[in-house]
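Structure, as structure tokens:
The values are calculated or read from the model by the stated rules, or taken from the named source; none is laboratory data. Treat the numbers as computed from the prediction; the structure is a model and nothing was measured. Positions of Cβ are generated from backbone atoms using ideal geometry, with glycine treated the same way; all protein chains shown enter the neighbour counts.
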């Protein structure tokens, strides 16, 4: 019985004490409301290695600064874990040291009297507020029609922890109510195009920085001091536009005109000069085989050459006389020989005219029987007597040119500027040597084959 | 008589009893004394090496460069130091880095080196050990003099002017700087090797 009563008494005692503790829930809610009032923000400003870093905190509700609130900083230093009270200034709480730990997680406690009313934990590398840029300078480049902005920052020094920054350049017209135009840059210089600004106006510009990269983070820095610059008038641009437009129009119309002219004169004038037709022997042969022109005389009638000095050539038997000429061997065909007016008795020796390469230039053609200025080149196809016995020679006379259809031994080379004496139609004097006069007059009254050459 | 003798033998001369007490009270202290006075081995997981790389680039790299420039001492011999004997960066880079860093941390308290050098050593050792989480230096009391070698505590003589230094003190100071220079150079090379190995994995 006694044991039972003691047990019950203990149970009731425990229940009472536990209910008493649960009553503190109301008090907890009250404390939460108080913590909202003590919200504060902290930022750090890091310097170079070996220099003092700063930590600054301020309450979001600025009226709280007058109260007896203290901020206690713990775990922020490299040495043994210790706590320091932050220095209270007019509007914030401040701490400066070069022994800050950039690895540790710090804790700041808001202390009112003896109780802690709020706290916050953070890493110093995550609440970095860069220093404001300075030495802002603006230069106008006339050639490029733009403004170059350059500025300096302490974070560009070699030993600084925070080297990567993002810069925000803000500008607008000085006395306008328009919003600021913002440009982001990772480098301490930027270019503003003149055409994007109003001419003959004053602009103001300011810059601030933000920690870049992946390691450091935090807040925007303060704005740099504002700098003013004036944009020039812009008449030159308009003149330049007119000149450019005129040049472009002129070039375009010249181009079209040139194309039209080329198309019109291509076939007749331009192509023959740029791409002249090479002489085609087949084409030329066809030309020659056509009927001769009316004003072109190809007759061997001596009456045509009355004005010219003609030297009779009775035969090409004498070697001396032949030396003055290219040696010619006549075919054994009598018909062909008669056409040429040659004696049928020819030397057995076949003197073959070596093929001579002909030039591209055609000598002046014969006009209206005036053969004094003409040269006649006669090609004698040389044939071996054996071949002539076997083959049938088909001779074609085309304007005084003996052509043989026998292709085996035909030396068809024409036109060539050879000068041969015209053989006289005197069959009665076989074997008579050719007069020496023939040699002298070989330059007279020649009609070259090239006169029959026609470029098609 | 016989009973008395038997009791005595049981209590004090029995071999099992002797072994029992010796094993409890004798050997553990011996083990503790024989433990090497070095840092505890710590292992770095592969997944943490990327984070360590970032921490090194942003916090340590510049500091080591500045530390080397601060100890730009030309007249150092290339002898081996007893502090670095039996320790190389070949096998386990982290173990060597922690060992040398702990040595440098001890030298922060040496008072025959300039203050800015001491501060740079403190910054480096604190951040290096913070980056290598889980690796700690063993706290050894009373052996700081031996651990530092030439970097020992110079007791301030009240009769002596603070600006004057004896030739012996100057020599010790130079040796201390050379020791620090050697250790900084070795630990820098080992950091690079460790990080390059982590990159290649």
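Just a yes or no: is a residue in the range B:27-43 surrounded by 11 or more Cβ atoms within 10 Å (Cβ to Cβ), within 14 Å of chain A (Cβ to nearest Cβ), in a loop (DSSP other than H, G, I, E, B) and at pLDDT 70 or above?
Looking for residues that are surrounded by 11 or more Cβ atoms within 10 Å (Cβ to Cβ), within 14 Å of chain A (Cβ to nearest Cβ), in a loop (DSSP other than H, G, I, E, B) and at pLDDT 70 or above, one finds none in the range B:27-43, hence no.
Give the residue that is nearest to residue B:183 (Cα to Cα), with candidates limited to residues of the range B:94-105 that are in contact with a helix residue (DSSP H, G or I) (Cβ under 9 Å, 6 or more places away or on another chain) and more than 14 Å from chain A (Cβ to nearest Cβ).
Here the residue is B:100.
Restricting to the range A:48-71, name every residue that is away from chain B (no Cβ under 14 Å) and either surrounded by 16 or more Cβ atoms within 10 Å (Cβ to Cβ) or under 30 Å from residue B:61 (Cα atoms) (or both).
A:54, A:55, A:56, A:57, A:58, A:59, A:64, A:69, A:71
With (1) farther than 30 Å from residue B:51 by Cα; (2) surrounded by 13 or more Cβ atoms within 10 Å (Cβ to Cβ) as the list, and residue A:134 as the residue in question, which single condition is left unmet?
(2)
Looking at the range A:235-242, is at least one residue loosely packed, with under 14 Cβ neighbours inside 10 Å and either touching a residue at least 40 places away in the same chain (Cβ under 8 Å) or under 30 Å from residue B:65 (Cβ atoms) (or both)?
Looking for residues that are loosely packed, with under 14 Cβ neighbours inside 10 Å and either touching a residue at least 40 places away in the same chain (Cβ under 8 Å) or under 30 Å from residue B:65 (Cβ atoms) (or both), one finds at least one in the range A:235-242, hence yes.
Which of the following residues is touching a strand residue (DSSP E or B) at 6+ places or on another chain (Cβ under 6 Å) and either at pLDDT 95 or above or within 14 Å of chain B (Cβ to nearest Cβ) (or both): A:180, A:223?
Answer to the selection: A:223.
Which one of A:120, A:116, A:129 is more than 14 Å from every other protein chain (Cβ to nearest Cβ), touching a strand residue (DSSP E or B) at 6+ places or on another chain (Cβ under 6 Å) and crowded, with 18+ Cβ neighbours inside 10 Å?
Residue meeting the stated conditions: A:129.
Would you check if residue A:270 is touching a helix residue (DSSP H, G or I) at 6+ places or on another chain (Cβ under 9 Å), free of Cβ contacts under 8 Å to residues at least 60 places away in the same chain, farther than 30 Å from residue A:55 by Cβ and surrounded by 14 or more Cβ atoms within 10 Å (Cβ to Cβ)?
On the way: touching a helix residue (DSSP H, G or I) at 6+ places or on another chain (Cβ under 9 Å): yes; free of Cβ contacts under 8 Å to residues at least 60 places away in the same chain: yes; farther than 30 Å from residue A:55 by Cβ: yes; surrounded by 14 or more Cβ atoms within 10 Å (Cβ to Cβ): yes.
When the stated conditions are applied, residue A:270 passes them.
So which residues in the range A:91-113 are closer than 30 Å to residue B:134 by Cα and more than 14 Å from chain B (Cβ to nearest Cβ)? I'd like the intermediate steps shown before the answer.
Initially, the range A:91-113 is screened for residues closer than 30 Å to residue B:134 by Cα, giving A:95-109.
Passing the criteria: A:95, A:96, A:107, A:108, A:109.
Can you tell me which of (1) surrounded by fewer than 20 Cβ atoms within 10 Å (Cβ to Cβ); (2) in contact with a helix residue (DSSP H, G or I) (Cβ under 7 Å, 6 or more places away or on another chain); (3) more than 14 Å from chain A (Cβ to nearest Cβ) is the one residue B:91 doesn't meet?
(2)
Does any residue of the range A:75-90 turn out to be modelled with pLDDT under 90, more than 14 Å from chain B (Cβ to nearest Cβ) and surrounded by 17 or more Cβ atoms within 10 Å (Cβ to Cβ)?
No, the range A:75-90 contains no residue that is modelled with pLDDT under 90, more than 14 Å from chain B (Cβ to nearest Cβ) and surrounded by 17 or more Cβ atoms within 10 Å (Cβ to Cβ).
Kindly indicate whether any position in the range A:147-155 is within 14 Å of chain B (Cβ to nearest Cβ) and either within 23 Å of residue B:58 (Cβ to Cβ) or surrounded by 15 or more Cβ atoms within 10 Å (Cβ to Cβ) (or both).
Scanning the range A:147-155 turns up at least one residue that is within 14 Å of chain B (Cβ to nearest Cβ) and either within 23 Å of residue B:58 (Cβ to Cβ) or surrounded by 15 or more Cβ atoms within 10 Å (Cβ to Cβ) (or both).
What strands (runs of 3 or more DSSP E) lie completely within the range A:147-211 and have 2 or more residues being under 15 Å from residue A:221 (Cβ atoms)? Walk me through it before giving the result.
On the way: elements: A:165-173, A:181-185, A:189-193, A:202-211.
Ranges flagged: A:165-173, A:181-185, A:202-211.
Return the residue satisfying two criteria in turn: it lies in the range B:48-76 and is over 18 Å from residue B:188 (Cβ atoms) and at pLDDT 75 or above, and of such residues it is farthest from the other protein chains (Cβ to nearest Cβ).
B:48
For the range B:117-154, what are the residues that are loosely packed, with under 13 Cβ neighbours inside 10 Å and either within 13 Å of chain A (Cβ to nearest Cβ) or modelled with pLDDT of 90 or more (or both)?
Correct list: B:139 only.
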